[in-house]
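Presented below is the structure to which this report refers.
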Amino acid sequence: MSSIEVIGGKQLKGELNIQGSKNAALPVIAATILNKGTTVLKNCPKILDVYHMVKILQELGCTTAWDGNTLYVDSRNANSTSVPEESVTKMRSSILFLGSLLGRHNDVIIAYPGGCSIGKRPIDYHLNAISKMNVTQEFIGENDAMIHCYSDQILGTDIFLEFPSVGATQNVILTGVLAKGTTRIFNAAREPEVVEVCNYLIAAGARICGKGTAFIEIEGVSQLHDVEFRLSSDRIVAGTYMAAVAAAGGNVIFNNTPTGYLESTLRVLKRIGCNIDTTEDRITIHSRQKLLPIDLLKTQPYPGFPTDMQSQILSVLCLADGESIISEEIFESRFQNVNDLAKMGAKITLDAKENKAIITGVKQLQGAVVEAHDLRGGAALIIAGLAAKGTTIVRNATSIERGYEDICRDLAAIGAQTRYCSENAAE
Ligand code: EPZ
């Protein structure tokens, strides 16, 4: 397990390119199963979660290859319909193979994905929806840990999602692309990553309309064709690094940003006191570290403020001049950093019943040894370390590598003093 050392107190400046989107890459990689041919996926981030999904592709019979950030997938021989249990329990995004294997083979056996540190993360919305498409579901294996879904013919139908779940929306789309008839999803997720997987599928010959809205219609087709597709850059990675500038101060230009997908994050950073100029694919952010509090910030489904930016903004608000409240509306335990930030001198109280954090800004944070509990929480501790006085060691940094290609490389490129170090560096 690696750690990351952060030497705080330096302003950030320079230019940085933003990597490809993790949460667009994962559903698109699952979707490559639907095309019995080849996919060329450009701007694909080289991160642990992507490597994990590529390994599952290989276990299913695909051949894959990399050339820089271009991933080649040939799924002509992807004849397996079962995803190995430890592959799914290790990373919940593997559940997206439920829809694509079902769509291709009308049959899939997949493990029930575990929860993670931010919440139980059930898949009832996925299963309830797919069961309406003429699909039989059986729980099999020890402790019913596996799900066997099968159908003699998947039929399109009307699906009403209880919540605009990103994964459930994506799985219904993947199941409906090659189905007989039309599938209409009501209360669909509007996230950019749903749009991305729709764009990939449409480029491969699928018939989908309404992407990015709460009503998506998929007209089943008989097959898809080979496709070359370029992923958008990662809106959460861009938001993370902009929050780092807000906290540490400085002036940074971010290139190839998905600016249009960052509206709500940019609005929050401006409310906190950053000056921001934008074009379609470039964002310039300037922070004088005179940070303003936010009386109430709620995480919401897109286009609201993203839950995946919550931990990062919480770190910034630890230094704001006044009291802020963050209400986490999406996941049940996404305030994992509170004790670690308190070790750095932050003043945060949790209202567990309301799932709210009340942050009283302090003048200065102190470096400390802290622990990353999840992907975005780990990145948020690095942000706190950049603004702190002295050295911060973020342990369990492997969780950060799940979503950031090389956070030390990126932050060092804009003047931060960050480096990977061994786990026992803190002892
Ligand atoms: C996606 O997860 C993202 N992951 C998450 O990003 C992101 O936080 C989340 O969407 C919300 O935007 C990927 O895209 C790989 P949901 P997903 O289904 O699809 C509950 C990151 O850091 N729920 O929209 O799993 C669920 O427990 C990750 O990159 C059910 O109750 O999110 C949660 O409380 C973290 N039953 C809420 O809905 C279900 O069947 C939203 O979940 C499904 C979800």
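Of all residues in segment 100-117, exactly one satisfies the criterion of being under 21 Å from Thr32 (Cα atoms) and within 12 Å of the ligand (Cβ to nearest atom), namely Pro113. Regarding segment 366-375, can at least one residue be identified that is in contact (Cβ under 8 Å) with a residue 60 or more places away in the chain, surrounded by fewer than 24 Cβ atoms within 10 Å (Cβ to Cβ) and away from the ligand (no atom under 16 Å from the Cβ)? Checking segment 366-375: at least one residue is in contact (Cβ under 8 Å) with a residue 60 or more places away in the chain, surrounded by fewer than 24 Cβ atoms within 10 Å (Cβ to Cβ) and away from the ligand (no atom under 16 Å from the Cβ). Filtered by the rule that a residue be within 15 Å of the ligand (Cβ to nearest atom) and open to solvent by 20 Å² or more (accessible area, probe 1.4 Å), segment 143-160 gives a lone residue, Phe160. Tallying residues that are more than 12 Å from Asp374 (Cβ to Cβ) and surrounded by fewer than 19 Cβ atoms within 10 Å (Cβ to Cβ) within segment 385-404 yields 3.
In segment 171-189, the residues that are farther than 12 Å from Glu217 by Cα reach residues that are charged (D, E, K, R) with C-beta atoms within less than 8 angstrom, at least six apart or across chains, in these pairs: Leu178/Arg104. Filtering Ile140, Ile159 for residues that are of a type in the set (A, V, I, L, M) and closer than 23 Å to Glu59 by Cβ leaves a single hit, Ile140. For segment 118-142, the set of residues classified as assigned to a loop (DSSP other than H, G, I, E, B), within 15 Å of the ligand (Cβ to nearest atom) and open to solvent by less than 40 Å² (accessible area, probe 1.4 Å) consists of Ile118, Ile123, listed by residue number. Residue count for segment 169-217 satisfying the condition of being within 14 Å of the ligand (Cβ to nearest atom), over 24 Å from Val73 (Cβ atoms) and open to solvent by less than 20 Å² (accessible area, probe 1.4 Å): 3. Being assigned by TED's automatic domain parsing to the domain that holds Ser131, in contact with a Leu (Cβ under 9 Å, 6 or more places away or on another chain), surrounded by fewer than 23 Cβ atoms within 10 Å (Cβ to Cβ) and of a type in the set (D, E, K, R) is true of Lys36.
Please work out if Gly361 is assigned by TED's automatic domain parsing to the domain that holds Ser422, under 21 Å from Leu411 (Cβ atoms), touching a residue at least 40 places away in the same chain (Cβ under 8 Å) and surrounded by fewer than 23 Cβ atoms within 10 Å (Cβ to Cβ). No.
Only residues that are open to solvent by 10 Å² or more (accessible area, probe 1.4 Å) and farther than 19 Å from Leu365 by Cα were counted in segment 307-324, giving 2. Can Ser100 be described as at pLDDT 95 or above, in a helix (DSSP H, G or I) and within 23 Å of Cys149 (Cβ to Cβ)? For Ser100, the condition - at pLDDT 95 or above, in a helix (DSSP H, G or I) and within 23 Å of Cys149 (Cβ to Cβ) - is met.
The values are calculated or read from the model by the stated rules, or taken from the named source; none is laboratory data. Everything numeric in this text was worked out from a predicted model, so none of it was measured. Don't worry about glycine lacking a Cβ; one is built from the backbone with ideal geometry, like all the others, and counts go over all protein chains shown. Accessible surface areas use protein heavy atoms only, side chains included; no ligands, DNA or RNA. Shrake-Rupley method; radii C 1.70, N 1.55, O 1.52, S 1.80 Å.
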